[in-house]
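Okay, so here's the structure we're looking at.
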Amino acid sequence: MPGTLDYQENGEWPSHITEIRKTRYPIEAYTKGLDAKETQWFGGSAKIRYVYVGFIARRTKDGKHSELHFRIYQPSGQIYKTDALRKILDFSDDYGLGLLEVMGQTGGLIISMDPEKADEAIDVLRSLGTDVGDTGDTFRDFASCVGPALCEYAQYDTLAARDHYMTYEPIYNNLSNQMFPFKVKLKFSGCPMDCSRAAHRADFGFIGMWKGAPDVDENLLKSKIRKEGIKIQNLVQGCPSGAITQDGNSDGIRIDPEKCQKSMNCIRYAFPAIKPGKEKKIALLAGGNIKGRFGPKMAKPVTILDDYKDAEDFIMKIINIWEEDAPHKDRIGDTLVKLGFSKTIDSVKDTLPVEPEGTPSGQKRIINSAVLTDAERERYSVWAKKIMNEYGE
């Protein structure tokens with residue numbers, strides 16, 4: 001039968017069922033979910049001494065099973081040392097079901113802890129060099145791409161940046177306190193490919209970039225054209241902003257630095273003949289989230305930084321404005337929409353080393369729901385007033 005474990009284990013993806021059988025996971029609840037084709041779990045509750053965030057409780061619809069999951073802080077870039085990962089796995093065997101999720105963007109997850117051992121488990125987990133966290137109305141586990149550890153595109157050290165903000169005192173002191181209207185996320189991407197999804201999911205995002213056009217090694221590019229089938233036409237047509245043109249009838253190209261939108265298309269296609277520029281920068285963005293009162297929002301550019309540390313005061317000032325203004329479950333992006341993005345940023349621009357640059361005029365944007373730029377909001381307001389004046393009476 002399609003809803004049975006035997007059926008699933010003999011299907012296209014058997015390993016998930018096979019591994020679950022090795023654990024103490026409540027197979028009955030899992031099978032019922034397969035039969036019904038919907039989850040059997042509802043939200044639950046739990047009480048752990050002196051701990052207010054970092055755990056998720058749930059129960060089955062029939063009340064027969066309950067679970068208590070621990071979310072744990074992960075190392076930057078999710079790069080585990082082997083001995084550290086073994087300790088976490090042993091911890092999961094001793095206090096949970098032997099199941100561990102380590103690839104989530106919002107922290108690792110130790111599946112189904114024993115509620116009776118929860119107080120003891122907290123102390124043991126902290127002795128391993130990590131802690132519970134990443135739930136509730138507080139700072140979430142900050143995400144970074146793998147950065148310079150493995151990626152040649154990285155324009156700054158994303159791992160060091162995440163470590164810095166995780167231990168930055170005003171943030172560190174509030175990692176376990178539910179004092180905000182909603183959650184706060186910081187994400188760090190080393191280049192415009194944005195592997196940490198900072199532009200989509202971060203209240204404050206840091207994306208590595210460079211000034212001007214990419215660097216082109218003409219000799220290496222000509223060699224790749226001859227030996228690897230790289231086509232100039234593909235470079236020209238693949239540039240979304242039309243910044244790349246062919247240099248006459250030759251194998252050379254020209255890249256207009258004013259038009260370049262840092263899409264990375266040419267770099268991914270012809271690397272290392274085309275590389276990010278040498279003058280490295282970091283774009284600071286604010287207000288991104290997938291779910292919010294005004295719908296999903298792409299984060300908007302605030303300014304260009306030389307150092308990720310230069311955003312410390314700015315972040316805390318924006319959070320203070322958000323705390324004072326926002327009702328429960330409003331993200332920072334919702335507050336920026338209501339108060340006006342440029343108006344709010346300008347009110348704290350003294351915290352930044354350079355003037356906020358706003359939305360680049362040539363940058364393509366995605367407009368979702370009620371999320372408009374300040375200029376767009378003004379145009380619609382003027383348009384609405386004209387209609388009222390003409391037809392209002």
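The values are calculated or read from the model by the stated rules, or taken from the named source; none is laboratory data. All of these numbers come straight from a predicted model, not from anything done at the bench. Please note: Cβ atoms are built from the backbone with ideal geometry, for glycine as well, and neighbour counts cover all protein chains shown.
Identify, by number, the condition in (1) more than 26 Å from Phe180 (Cβ to Cβ); (2) in the same structural domain as Thr82 (by TED's automatic domain parsing); (3) outside any loop (DSSP other than H, G, I, E, B) that Pro148 doesn't meet.
Tallying (1) more than 26 Å from Phe180 (Cβ to Cβ); (2) in the same structural domain as Thr82 (by TED's automatic domain parsing); (3) outside any loop (DSSP other than H, G, I, E, B), Pro148 fails exactly one: (2).
Filtering the range 218-242 down to residues that are more than 14 Å from Tyr269 (Cβ to Cβ) and touching a Lys or Arg at 6+ places or on another chain (Cβ under 8 Å), which residue is modelled with the lowest pLDDT?
Out of the qualifying residues, it is Ser241.
Determine the pairs where a residue that is touching a residue at least 60 places away in the same chain (Cβ under 8 Å), located within the range 53-67, has a partner that is assigned to a strand (DSSP E or B) and aromatic (Phe, Trp, Tyr) with Cβ atoms under 9 Å apart, the partner being 6 or more residues away or on another chain.
Gly54/Phe70; Phe55/Phe70; Ile56/Phe70
Among the residues of the range 162-215, how many are of a type in the set (Lys, Arg), in contact with a Leu (Cβ under 9 Å, 6 or more places away or on another chain) and over 19 Å from Glu312 (Cβ atoms)?
Adding up the residues that qualify gives 0.
Has the range 320-341 got any residue that is over 26 Å from Gln178 (Cβ atoms) and assigned by TED's automatic domain parsing to the domain that holds Gly147?
The answer is yes, given that some residue of the range 320-341 is over 26 Å from Gln178 (Cβ atoms) and assigned by TED's automatic domain parsing to the domain that holds Gly147.
Applying the selection to the range 138-153, what residues are farther than 15 Å from Met193 by Cβ, of a type outside the set (A, V, I, L, M, F, W, C) and without any contact (Cβ under 8 Å) to a residue 60 or more places away in the chain?
Arg140, the sole residue that qualifies.
I'd like to know if the range 10-33 contains one or more residues that are modelled with pLDDT under 80, hydrophobic (A, V, I, L, M, F, W, C) and not in a loop (DSSP other than H, G, I, E, B).
yes
Give the residues of the range 276-330 that are more than 19 Å from Asp137 (Cα to Cα) and β-branched (Val, Ile, Thr), sorted by residue number.
Ile282, Val302, Thr303, Ile304
Among all residue pairs at least 6 apart or on different chains, which show Cβ distances below 6 Å where the first residue, located in the range 13-34, is more than 12 Å from Thr60 (Cβ to Cβ) and the second is among the polar types (S, T, N, Q)?
Ile17/Gln8
Residues of the range 37-64 being polar (S, T, N, Q) and assigned to a loop (DSSP other than H, G, I, E, B), which ones?
Thr39, Gln40, Ser45
Quick check on the range 129-143. Is at least one of its residues among the acidic types (Asp, Glu), part of a loop (DSSP other than H, G, I, E, B) and crowded, with 20+ Cβ neighbours inside 10 Å?
Yes: the range 129-143 contains one or more residues that are among the acidic types (Asp, Glu), part of a loop (DSSP other than H, G, I, E, B) and crowded, with 20+ Cβ neighbours inside 10 Å.
Show me the helices (runs of 4 or more DSSP H) found entirely inside the range 311-393 where at least 2 residues are at pLDDT 70 or above and exposed (fewer than 12 other Cβ atoms within 10 Å of the Cβ).
Hits in the range 311-393: 312-325, 374-391.
Please name all residue pairs, on different chains or six or more residues apart, with Cβ atoms under 6 Å, provided the first residue is in the range 155-176 and is buried (at least 18 other Cβ atoms within 10 Å of the Cβ) and the second residue is among the basic types (Lys, Arg).
Gln155/Lys280
Could you run through the range 250-268 and say how many residues are surrounded by fewer than 16 Cβ atoms within 10 Å (Cβ to Cβ) and either farther than 22 Å from Ile230 by Cα or not charged (D, E, K, R) (or both)?
Residues flagged as surrounded by fewer than 16 Cβ atoms within 10 Å (Cβ to Cβ) and either farther than 22 Å from Ile230 by Cα or not charged (D, E, K, R) (or both) within the range 250-268 amount to 5.
For the structure I just gave you, tell me whether Gly147 is of a type in the set (Gly, Ala, Ser), modelled with pLDDT under 90 and crowded, with 16+ Cβ neighbours inside 10 Å.
So Gly147 does not fit the description; no.
So which of Gly288, Gly277 ends up being under 23 Å from Ile171 (Cβ atoms), touching a Lys or Arg at 6+ places or on another chain (Cβ under 7 Å) and modelled with pLDDT of 90 or more?
Gly288
Rundown of residues vs (1) under 28 Å from Lys300 (Cβ atoms); (2) of a type outside the set (Lys, Arg); (3) in contact (Cβ under 8 Å) with a residue 60 or more places away in the chain, yes/no style:
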position	(1), (2), (3)
Ala202	yes, yes, yes
Phe206	yes, yes, yes
Asp247	no, yes, no
Asp251	no, yes, no
Arg254	no, no, no
